[in-house]
Amino acid sequence: MSYEHAYNQVGVNTSYPAERRSSLRLAVPFRALTRWRSHGTSVEEEEVTLANLSAHGLRTQISQLLAVGEPLFVLVRFDLRMEPRIAGPGVAIRGVIIRTEQLADGRCDIALLFTHHRMLFESYFTPPHGATLHSTP
């Protein structure tokens, strides 16, 4: 039985419309590191906080306007501590942007559809020896 069918059968939250997505979304503020190619050559990197995460996609805000169809690489850390680059479990995601929305403050709200993912268990969030840590407020 699918989640949507089970959800509608038990009548939970009947005042809300039925969920149309095929998987549940977690609205947990996971920290993530995003990477994309700017103008086809240089690599841009930004630390973000996810708005939501599901088995097939995610939503977040980044500082630049990216186009629908552009690839994006995201390292999500499954830890709510504020230090963005410490060892811990997470997931490496490659995806394609399927929706963008320019926000009033100049940031861009994006929806990403996963094309590939791999679970991570340790040092992918740890900087190389001797590197300084930085974080965004």
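The values are calculated or read from the model by the stated rules, or taken from the named source; none is laboratory data. Quick caveat, the model's predicted, so the values are computed rather than measured. Note: ideal-geometry Cβ built from the backbone for every residue, glycine included; neighbour counts use all protein chains shown.
Observations on the structure shown:
- Yes/no for T49 being at negative phi, at pLDDT 90 or above and out of contact with any His (no Cβ under 9 Å at 6 or more places or on another chain): yes
- Hits in the range 46-63 (condition: touching a Lys or Arg at 6+ places or on another chain (Cβ under 8 Å) and β-branched (V, I, T)): V48, T49, I62
- Taking the range 43-79 as the range and being part of a loop (DSSP other than H, G, I, E, B) and over 16 Å from V96 (Cα atoms) as the test, the residues that pass are S63, F78, D79.
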